[in-house]
Each structure stands twice: as C-alpha cells, then as structure tokens.
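S.K.: Handing you a structure now.
The values are calculated or read from the model by the stated rules, or taken from the named source; none is laboratory data. What you see is a predicted model; the values in this text were computed from it and never measured. Methodologically, a virtual Cβ is constructed for each residue, glycine included, from the backbone with ideal geometry; neighbour enumeration extends over all protein chains shown. These area figures cover heavy atoms from the full protein model, side chains too; ligands, DNA and RNA do not enter into them. Shrake-Rupley method; radii C 1.70, N 1.55, O 1.52, S 1.80 Å.
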Amino acid sequence: MDFYLSALIQGLCFSALALGIYISIKIFNIPDITTDGSYTLGGVVTGVLLTHHQSPYIILPAVIIAGGIAGALTGLIHTKLKINALLAGILVTYSLYSVNLTIMGRSNLPLISVPSLFSLLNLVADPNQNTFWILSVFVIIITFLIGYLLKTDFGIAMRATGNSESMIRALGVNTDRMKITGLALANALTALSGYLIVQFQGFADISMGIGIVIVGLGSVIVAESLINWFRITSVWVILALVLGGAVIFQFVLAFTLALGVDANLLKMVTAAFVLLIVSLPRLSSLKAS
Amino acid sequence: MIAINDVHKGFNKGKANQVNAVNGITLSIPESEFLVIVGSNGSGKTTLLNLVAGSVFPDAGSISIDNNDVSKLADYKRSQWIARVFQNPMSGTASDLNILDNFRLASIRTKTKGLSIGINDKFKQQVREKIETLGMGLENKIEQPMGTLSGGQRQALTLLMSVMDSCKVLLLDEPTAALDPRSAEVVMRTADKLITDFKLTAILITHNLKDAYNYGTRIIQMSEGLVLRDLNNKQKSDLKQNDLFDWFS
C-alpha cells in the first residue's frame, strides 16, 4: 500500500512539472526542454535554502523566481536571437548544470532532519499520509491559479499565441513578450516540482533532472489522449486530466517495478510506455484498416 | 487617414535573388475611402499591405496613419487603428479557441489583455447578437472551437471581429481567395456593409475583377512595385467591367 501511496505522492510532485510542460508544448506549441535544468534548479535552490534554515516564505518565491528566470532566458534566446526553441532549451539546461553545481557547492545535498514543507503541519500521524494531504492542497492551489489565469483575457491571449500568431499580433499582442512570459511560467512550475520532490525525497542531487522532461511529456501525452478521446474543451477538466496524467504515469512506473522489472531498465520501460501512448492512435487505425 | 510617402521595400538585398517589391510608392488614402488594389502576381500588392500593417518595415520613405508616423511601429502596436483579414482563413482566427474567446480578444484589440475574466453573460449576448446579423446560424455555436467552422464562416467572423473594438482601418488581403463563390459573396457583402456602416478606411487586395468592379470607391492597378493606374470614385463608376479585363491583357 505504502508503495502505491509514494507513487501517488510522486505523481502529485510531478504535476506542477506536467502543468509546465502542458503550457510550453500544448499552449505555446514550443518544445521547451529547459525542464531538465529548471527542475534541478528548483530542487537545488530549495535544498541550499533549507540547509541555511531559511523561512518557507522565502524558499517558495525564490524557487519560482529562479525557474522563471531560466525559462525567460530560453524565451529570450528563442524569440530575440531567433534560435530554434530546442537548441535554446538545450543551451540553457547545459549551462544550468554549472549554475546548479555552483549553488550547491557539491553534487549531492542530503536534507535529513531538516524541517521541510511536509513537516510544517501535522495533520495525520503517518508521515506519508501527512505529506499526501499537504501536497494535495498545494497542487489544488496551483491548479486553481493556472486555471484562473487561462480563463482571463491574458490567458486567452496566451492560448491564441500558440494557435495563430498572425491573428494575435493583429489583435495587439506582442507575441515575443508573450512567449517569454509563457516559458517563464512553465519553468517556474517545473522548478516547483523540483522544490516538492527534494523535500519529499530528503536530498537534492545534481543529476536529479536528467530526462525529467520525459516524465512531464509522458504525463501530458497520457492526458492528451484522454482529452482527444472524450473531446474535452473545458479548461478545468483539461488541467485535472494533466494532473491525472502525472499520477497515472507514476503508477505505471510503480507497477512496472512491482512486476519485478530490473530498476536499471526503468528508463527504457518509461520510454517504451511513452512511445506506446503516442503511437496508440496510429496503431489502432492500422489495425482497423 | 493613411499617407504613404515614397516608400521602397526590397527583399534579399545584394543577393542574386534580390526582389524590389515596392519601388517608391506615394499614395494618400483619405478617411472612409474604400481602395481596391489589383495587379498581377509579384506586383507588390501584398508587400504594400504588409507595409501598412507593419508586418514589414520600409527601406526608405514613410507611412503615417491618422497623422502619426508609423514607419517603424511594430504591427501589434498599429492594431490600435488597424484590423486585418488574411487570405488564409486560419490566420485570422485561433482554431483551438472557441468563437467566444476569439471575439473576446477582438473586443480588446486596442486595450491591454489583463488578469480579469472578461467573458460574462452580457458579453455572450452581445456576441450572439452580432453573429446573428450574418444569418449563418452561428449564434448558437459560440462555444464551438473556431477550427470546426468552414473557411467562409471563419472569414465572415473575422470581419465581424474587426469591428468589435474601435477600428479605423480595415485591411483585406484577398479575403475570398480560398472560398467557394457563394461564401465569397457573403464575405464581400459583409465587408462592404461594415465599411459603410462604420465609415472605415479600407484597402482590399483582390484577383477577382468582378469584386474589384463591384466594390470600392477607388481602384489602383499595381505593376512592378509602382502604381500603374489610379481611378477615383467617379472614374471608377464610369469604368466598364471589360475595361478591367483589358488592363491585364
């Protein structure tokens, strides 16, 4: 049971990341892979500030700002220097590795017996369940904020930017600035996932972000298949499905491990799972014909 | 309203494939004039329209709108005066957003897109009433994504969207090129009605000589980046449709 509870908790930790990827890939139509760097950045900033006994009221905004800056940098490189978004993301992620190492001063930072977000409140006796409840509230608040944002005039303009750039420019929106803001928002969310997971795992590590973009992509793709399947247009349902996607994705991984698959093969299994989900529509139409 | 003063625009300067699209055009378009531009492919019509819209900037010369020099003003800033309808119906609307969201953005074209929710029952009612005037039966589909509509429906809605907010200049770049004859007629009639009702200054680029003959208060023919013919309202009404065909032979 505990095994699946921690999968659920991990899924919730990754839901901010999934929302971030949803914003960059689905809303802005920009394949942003700054994710690997900004996720670690969020984790590293959290770890260092926690060990320096900073107040949670400082850590949370610091993480959001750090992630936002990373995303804005990618956005600036992409829009102002007209560099391909993938390359812009790779460059920022690559340099963030050095930034993260410099901030931490070493490659691994244990946070054992350091008070965290999850020990702030004691709602239930079991620490994992306590984490689950705090996390749920946290994720619900974030989802609500993003959902509200997408409903506002600014949010509609954001959604239109990734959809029809010529139209939204003719309607008076500076699309460059909009993309930079969007990537900043996406990576601030990604950094929040780093913030959550570090406090859940109890350590920050320089390589924690390697390939994490796949986790976000996988979650969004699972959500997207459901969105297309049921032809969903409501912003709230879509966001809920993205959260659901993040949780389902972690459950699949946990289940794979429970089946006794070698942990070394986990990344390959993850990749295969993502491939399967992406190709499902094509495979089913092949079968039909 | 629009003053174009000795404007030049070329592409790929200094390379083998250099193109001088606009070669020193001077044109004054007074308020509420409906200017029709005809000309063969490559005559510089679209470049001229893009220069007015701000999608490209002139190499030399100046452009002013409503007595403001806009020669170097970005397109999204010129939207305070200008609304556009593109040749491709996909370009003028956002397919994944529903009709309502598209209209909401259009209704705040000249304003900041802020952090408040602007779509309420009053706004929905307003959009429904606007759309009803098209007579396409779209007023009950305002929650439908734009992408589910036909090209003609999208162009007609794009036209309506242009007058959701204060609008002085309407730029129409071959708005009916991708449409079937019946939809094309609806779109052109809607455009003409809006231009008259709202006293808009309009520029229409078209390859359809029948439309060029039927609509507008002035017509120019462009060739090799220059104005070849320029006929005012009186001269245009004296023109016969066959004369127009002769321009191209």
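S.K.: Could you say whether any residue in the stretch A:165-180 is away from chain B (no Cβ under 14 Å) and either basic (Lys, Arg) or part of a helix (DSSP H, G or I) (or both)? Quick ask: steps written out before the conclusion?
M.R.: First, the residues of the stretch A:165-180 that are away from chain B (no Cβ under 14 Å): A:180.
Add one more test, that the residue is either basic (Lys, Arg) or part of a helix (DSSP H, G or I) (or both), and what stays is A:180.
Yes.
S.K.: Which of (1) more than 9 Å from chain A (Cβ to nearest Cβ); (2) surrounded by fewer than 22 Cβ atoms within 10 Å (Cβ to Cβ); (3) farther than 16 Å from residue B:167 by Cβ does residue B:81 not meet, given it meets every other one?
M.R.: Every condition holds for residue B:81 apart from (3).
S.K.: So residue A:113 passes all but one of these: (1) modelled with pLDDT of 95 or more; (2) polar (S, T, N, Q); (3) out of contact with any helix residue (DSSP H, G or I) (no Cβ under 9 Å at 6 or more places or on another chain). Which condition number does it fail?
M.R.: (1) is the only condition that residue A:113 fails.
S.K.: Considering each residue of the stretch A:76-87, count those that are outside any loop (DSSP other than H, G, I, E, B) and free of Cβ contacts under 8 Å to residues at least 24 places away in the same chain, and give that number.
M.R.: So the first thing to find is which residues in the stretch A:76-87 are outside any loop (DSSP other than H, G, I, E, B), and the list is A:76-80, A:85-87.
Next, from what is left, pick out any that are free of Cβ contacts under 8 Å to residues at least 24 places away in the same chain: A:77, A:87.
Result for the stretch A:76-87: 2.
To keep it simple, each residue is scored yes or no on (1) more than 14 Å from every other protein chain (Cβ to nearest Cβ); (2) exposed (fewer than 13 other Cβ atoms within 10 Å of the Cβ); (3) closer than 18 Å to residue B:85 by Cα.
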position	(1), (2), (3)
B:129	yes, yes, no
B:148	no, yes, no
B:166	no, yes, yes
B:170	no, no, yes
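S.K.: Which condition breaks for residue A:213 when tested against (1) open to solvent by 40 Å² or more (accessible area, probe 1.4 Å); (2) assigned to a helix (DSSP H, G or I)?
M.R.: (1)
S.K.: What tally of residues in the stretch B:190-225 results from selecting those that are more than 22 Å from residue B:178 (Cα to Cα) and loosely packed, with under 14 Cβ neighbours inside 10 Å?
M.R.: 3
Condition check ((1) of a type in the set (D, E, K, R); (2) in a helix (DSSP H, G or I)) across all residues:
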{"residue": "B:143", "(1), (2)": "yes, no"}
{"residue": "B:153", "(1), (2)": "no, yes"}
{"residue": "B:159", "(1), (2)": "no, yes"}
{"residue": "B:186", "(1), (2)": "no, yes"}
{"residue": "B:204", "(1), (2)": "no, no"}
{"residue": "B:210", "(1), (2)": "yes, yes"}
{"residue": "B:220", "(1), (2)": "no, no"}
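S.K.: Just one of A:251, A:273 is without any contact (Cβ under 8 Å) to a residue 60 or more places away in the chain, aromatic (Phe, Trp, Tyr), in a helix (DSSP H, G or I) and under 30 Å from residue A:138 (Cβ atoms); which is it? Reasoning before the result, please.
M.R.: On the way: A:251 fails: without any contact (Cβ under 8 Å) to a residue 60 or more places away in the chain.
None of the other options fit; the residue is A:273.
S.K.: Given the options A:125, A:157, name the one that is of a type in the set (Gly, Ala, Ser) and either under 28 Å from residue A:23 (Cα atoms) or within 11 Å of another protein chain (Cβ to nearest Cβ) (or both).
M.R.: A:157
S.K.: Scan the stretch B:20-34 residue by residue and report those that are farther than 14 Å from residue B:51 by Cβ, out of contact with any helix residue (DSSP H, G or I) (no Cβ under 6 Å at 6 or more places or on another chain) and part of a strand (DSSP E or B). So that I can check it myself, show each step before the final result.
M.R.: Keep residues of the stretch B:20-34 that are farther than 14 Å from residue B:51 by Cβ, which gives B:28, B:30-34.
Filter again for out of contact with any helix residue (DSSP H, G or I) (no Cβ under 6 Å at 6 or more places or on another chain), leaving B:28, B:30-33.
Across the stretch B:20-34, the qualifying residue is only B:28.
S.K.: Specify which of the listed residues (A:66, A:62, A:72) is open to solvent by less than 50 Å² (accessible area, probe 1.4 Å) and under 12 Å from residue A:189 (Cα atoms). Don't jump to the end; show me each part of the working.
M.R.: Numbers: A:62 fails: under 12 Å from residue A:189 (Cα atoms); A:72 fails: under 12 Å from residue A:189 (Cα atoms).
That would be A:66, the only listed residue that is open to solvent by less than 50 Å² (accessible area, probe 1.4 Å) and under 12 Å from residue A:189 (Cα atoms).
S.K.: What residue, of A:16, A:62, A:66, is closer than 20 Å to residue A:220 by Cα and modelled with pLDDT of 95 or more? Explain how you work it out, then say what you get.
M.R.: Details: A:62 fails: closer than 20 Å to residue A:220 by Cα; A:66 fails: closer than 20 Å to residue A:220 by Cα.
When all the criteria are applied, what remains is A:16.
S.K.: Name the single residue, out of those in the stretch B:95-127 being within 17 Å of the chain's Cα centre (by Cα) and in a loop (DSSP other than H, G, I, E, B), that is nearest to the other protein chains (Cβ to nearest Cβ).
M.R.: B:109
S.K.: Further question: If a residue must be under 17 Å from residue A:227 (Cβ atoms) and either hydrophobic (A, V, I, L, M, F, W, C) or at pLDDT 85 or above (or both), how many such residues does the stretch A:239-289 contain?
M.R.: Residues flagged as under 17 Å from residue A:227 (Cβ atoms) and either hydrophobic (A, V, I, L, M, F, W, C) or at pLDDT 85 or above (or both) within the stretch A:239-289 amount to 15.
S.K.: Checking the structure you have, find out if any residue of the stretch B:4-21 is over 15 Å from residue B:173 (Cα atoms), open to solvent by 50 Å² or more (accessible area, probe 1.4 Å) and touching a His at 6+ places or on another chain (Cβ under 9 Å). Even if it seems obvious, please write down each step before you answer.
M.R.: Pass one, the stretch B:4-21, residues over 15 Å from residue B:173 (Cα atoms): B:4-21.
From what's left, open to solvent by 50 Å² or more (accessible area, probe 1.4 Å): B:5-6, B:8, B:11-20.
Pick out the ones that are also touching a His at 6+ places or on another chain (Cβ under 9 Å) and you get B:20.
The answer is yes; a qualifying residue exists.
S.K.: Do you know which of the residues in the stretch B:67-78 that are hydrophobic (A, V, I, L, M, F, W, C) and open to solvent by 10 Å² or more (accessible area, probe 1.4 Å) is nearest to the other protein chains (Cβ to nearest Cβ)? I'd like the intermediate steps shown before the answer.
M.R.: Keep residues of the stretch B:67-78 that are hydrophobic (A, V, I, L, M, F, W, C), which gives B:70, B:73-74.
Within this subset, residues satisfying the condition of being open to solvent by 10 Å² or more (accessible area, probe 1.4 Å) are B:73-74.
On the way: B:73: 12, B:74: 7 Å.
Residue satisfying both the conditions and the ranking: B:74.
S.K.: Given the conditions (1) without any contact (Cβ under 8 Å) to a residue 60 or more places away in the chain; (2) within 11 Å of chain B (Cβ to nearest Cβ), and given that residue A:226 satisfies all but one, which numbered condition is not satisfied?
M.R.: So the condition that residue A:226 fails would be (2).
S.K.: I would also like to ask the following. Hey, among the residues in the stretch A:6-36 that are among the polar types (S, T, N, Q) and in a loop (DSSP other than H, G, I, E, B), which one's surrounded by the most Cβ atoms within 10 Å (Cβ to Cβ)?
M.R.: Residues of the stretch A:6-36 among the polar types (S, T, N, Q): A:6, A:10, A:15, A:24, A:29, A:34-35.
From what is left, the residues that are in a loop (DSSP other than H, G, I, E, B) are A:29, A:34.
Details: A:29: 14, A:34: 32.
Step by step, filter the stretch A:6-36, then rank; the result is A:34.
S.K.: Please tell me if residue B:174 is charged (D, E, K, R), within 13 Å of chain A (Cβ to nearest Cβ), in contact (Cβ under 8 Å) with a residue 40 or more places away in the chain and out of contact with any Pro (no Cβ under 7 Å at 6 or more places or on another chain). I'd like the intermediate steps shown before the answer.
M.R.: Working: charged (D, E, K, R): yes; within 13 Å of chain A (Cβ to nearest Cβ): no; in contact (Cβ under 8 Å) with a residue 40 or more places away in the chain: yes; out of contact with any Pro (no Cβ under 7 Å at 6 or more places or on another chain): yes.
Answer is no for this residue.
S.K.: Please go through the stretch A:135-158 and give me each residue that is of a type outside the set (Val, Ile, Thr), crowded, with 21+ Cβ neighbours inside 10 Å and within 19 Å of residue A:26 (Cβ to Cβ), ordered by number.
M.R.: Residues of the stretch A:135-158 that are of a type outside the set (Val, Ile, Thr), as a first pass: A:135-136, A:138, A:144-145, A:147-151, A:153-155, A:157-158.
The next check asks that each one be crowded, with 21+ Cβ neighbours inside 10 Å; those that pass are A:135, A:153, A:157-158.
Selection gives A:157, A:158.
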